[in-house]
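Asks: Sharing a structure here in C-alpha cells format.
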Amino acid sequence: MIKSKIILLATTFACTYSFASSDLVKKVNEAGIKPIPASKTELMKLIDDPKDPITEAKVELGKKLFFDPRLSRSGIISCNTCHNLAMGGDDGIPAAIGHKWVANPHHLNSPTVYNSVFYAAQFWDGRSPHLTDQAQGPIQAVPEMAAPKNLVKERITSIPEYVEEFKVAYGDDVKITFEQIASAIATFEKTLVTPSKFDDFLNGNKDALNKAEKKGLNTFIDKGCASCHNGVAFGGTMQPFELAAKYKFANIGDFKGDDKGMIKTPTLRNITETKPYFHNGAIWELTDAIKEMGSVQLGIKISDKEAKEIETFLKALKGRKPALIYPQLPEESSTTPKPTFD
C-alpha cells in the first residue's frame, strides 16, 4: 500500500512538472520567442540565401578574410579585433578602438557577431539591412579599419592564393570586387550560430532547463522583457529607447539612434560573455543592466531578487560555439600594397 502511494505521488509530481514545462513553452511561444532550430535543414532556411548559397568553400574563404588584418589600412586590425570569436564575438571594452588606436567617436560598443544572421537590421542605428552590407562599413570607416574599397581590392587580388580561392568558391569567371569580399565575410558570419540549452528546451527537451532557469524565464516574460527581446535572436529589431525614463548614462557619447530615435535591440544570446552593456558600454554588471532596462524601457522597478532570477535564465542562453581553427593566411606578393598609418 505504501509503495503504491509512493509510485502514485511520483507519477503525479512528474505529470505536474511536465505540464508546467509545457505551459511555459506555450508562454514562450506566445511571447514571440523562437528557438534556433535543431534541424540543420530548418536552420538553413533561416540563414541561407538561395541567390548566394552557403558552401564550405565560401565559408572557409570568408573565415580567412574575417581574420585577415590586411583588410585594414594599417594591416593590424581585422574583423576579429572588435568581434573576437574567442570572447563572445565582441571586444570586451566600452567603446571600440580602431585605426590609430582611436576610440569610436560616438562611444559605441561593439556588438557580438554571433547569431547576427538572425537580426532584422545591422548596426546600432539599423542602417544596414543584412550582413553583406554591414561588413562593408567597418572596413571603410576611418575610426575602424580605415581602408578604402580600392585598397582592399588591390591587396586581396595581389595575393595569388586568394584569387584561386575566390575561383573555387564562386567560379572561374568571378570578379573580385570589394562587395564580393564583404559577401564572403558575411557568408562565414552566417554560420556563427550558437544553440543553447534554452533552445534544447523549446525544441522538446523539457529537462534542458533546471527549475531556477525556468523560473527566471517566467519572470523574464512576466516583467515584459520579451516585448523587445524576442524572435530567434532575442533582439535584433529596431525599437524606441527611453520609453519610460531617461537612461542614467545617456550623457556618455552622442548616439541618439536613427532619425526616428530607434535603436537596434541587442541580442541576449551569450549575454554573460558580452559585457559591458548598452550601446555605450556603460554598465558592467548584468543585474544592473536588467534593473536599468526595467526603469528605462518598462517603467517598473525590478527588484534584486527578480533581477537575479532573470540573470539565472539569461545564463542559459550561453550557446555552443562552432568549432573554429584559426586559419593560416595566404602570403602576400611583391605587388601587395604596403601598410600605411595616415
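Each value in this text was obtained by applying a stated rule to the coordinates, not by laboratory testing. None of the values given here were measured: they were computed from a predicted structure. Positions of Cβ are generated from backbone atoms using ideal geometry, with glycine treated the same way; all protein chains shown enter the neighbour counts.
Asks: Principal axis extents for the chain, Cα atoms only, whole Å, descending order, please.
Replies: 87, 46, 29
Asks: Which helices pass in the chain if a helix is a full DSSP H run, must span at least 24 angstrom along its long axis by Cα, and must have mean Kyte-Doolittle hydropathy not below -1.0?
Replies: Numbers: long enough: 2-30 (42 Å, 0.49).
Qualifying helices: 2-30.
Asks: Related question: Below 17 Å, Cα to Cα, which lysines can LYS260 reach? Residues fewer than 8 away in the same chain don't count.
Replies: Candidates past the 8-residue exclusion: LYS246.
Asks: A further question follows. Taking the Cβ of PHE123 as the centre, find all other residues whose Cβ is under 11 Å away and add up their charges (Lys, Arg: +1; Asp, Glu: -1).
Replies: Working: positive: ARG127, LYS264; negative: ASP125, ASP133, ASP258.
Once positives and negatives cancel, what remains is -1.
Asks: What does the convex hull of the Cα atoms come to per residue for the stretch 49-190, in Å³? Please report the intermediate quantities before stating the final value.
Replies: Working: hull volume 14.8 nm³, N = 142.
So the per-residue hull volume is 104 Å³.
Asks: Also, quick follow-up: Is the shape of the stretch 257-313 rounded, prolate or oblate, going by the alpha carbon gyration tensor and its root eigenvalues a ≥ b ≥ c, with a/c under 1.5 for rounded and a/b larger than b/c for prolate? Don't skip to the end; give the middle numbers.
Replies: Details: a/c = 2.11, a/b = 1.35, b/c = 1.57.
Here the stretch 257-313 falls in the oblate category.
Asks: Can you compute the FRET efficiency between ASP304 and ILE325 using 1/(1 + (r/R0)^6), with r the Cβ-Cβ distance and R0 = 30 Å? Round to the nearest 0.05. Please list the in-between numbers first.
Replies: Numbers: r = 43 Å, r/R0 = 1.43.
Plugging the Cβ-Cβ distance into 1/(1 + (r/R0)^6) gives 0.10.
Asks: Also, I was wondering about something else. Once you order the gyration tensor axes a ≥ b ≥ c over the Cα atoms, which shape class does the stretch 127-255 get: rounded for a/c under 1.5, otherwise prolate or oblate by comparing a/b with b/c? Please report the intermediate quantities before stating the final value.
Replies: Numbers: a/c = 3.77, a/b = 1.66, b/c = 2.27.
The shape class here is oblate.
Asks: Please give, to one decimal in nm, the separation of the simple spin-label points placed at THR335 and SER39, each 7 Å out from Cα toward the Cβ.
Replies: 4.9 nm
Asks: Sticking with this one: For ALA184, what is the net charge nearby, where nearby means another residue's Cβ is under 12 Å from its Cβ and Lys, Arg count +1, Asp, Glu -1? Before the final figure, lay out each step's value.
Replies: Values: positive: LYS58, LYS63, LYS64, LYS190; negative: ASP52, GLU60, ASP68, GLU165, GLU179, GLU189.
Residues close to ALA184 contribute a combined charge of -2.
Asks: Right, another one. Compute the distance from the alpha-carbon center of the stretch 75-131 to that of the stretch 146-161, in whole Å.
Replies: Distance between centres, Cα-based: 21 Å.
Asks: Rank ALA245, ALA147, ALA95 by mean-square fluctuation in a GNM of the chain with C-alpha springs under 10 angstrom and give only the top-ranked residue.
Replies: ALA245
Asks: Something else now. Could you work out the relative contact order of the stretch 49-190? I mean the mean sequence separation of Cα pairs under 8 Å and 6+ apart, divided by the number of residues, in percent.
Replies: Result for the stretch 49-190 is 31 percent.
Asks: Something else now. Where a ≥ b ≥ c are the square roots of the eigenvalues of the C-alpha gyration tensor, would you call the stretch 239-335 rounded, which needs a/c under 1.5, or, failing that, prolate if a/b is larger than b/c, or oblate? Numbers along the way, then the final one.
Replies: On the way: a/c = 3.03, a/b = 1.55, b/c = 1.95.
It is oblate, given that a/c is not under 1.5 and a/b is not larger than b/c.
Asks: Within the stretch 49-190, how many Lys pairs sit with Cα atoms under 20 Å apart, leaving out pairs fewer than 8 places apart on the same chain?
Replies: Lysine pairs meeting the criterion: 22.
Asks: While we're on this one: How much net charge surrounds GLY92 when only the other residues with a Cβ under 11 Å from the Cβ of GLY92 are counted, with Lys and Arg +1 and Asp and Glu -1?
Replies: With Lys, Arg at +1 and Asp, Glu at -1, the net is -2.
Asks: Taking the Cα centre of the chain as origin, work out the dipole magnitude from +1 charges on Lys and Arg Cβ and -1 charges on Asp and Glu Cβ, in debye rounded to 20. Display every interim value, and only then the final one.
Replies: Values: 43 positive and 42 negative charges, 251 e Å.
Around 1200 debye, computed over the chain.
Asks: Here's something else I'd like to know. Would you list, by chain and number, the lysines whose Cα falls below 16 Å from the Cα of LYS26, excluding same-chain residues fewer than 8 positions away?
Replies: Partners found: LYS34, LYS206, LYS214, LYS215.
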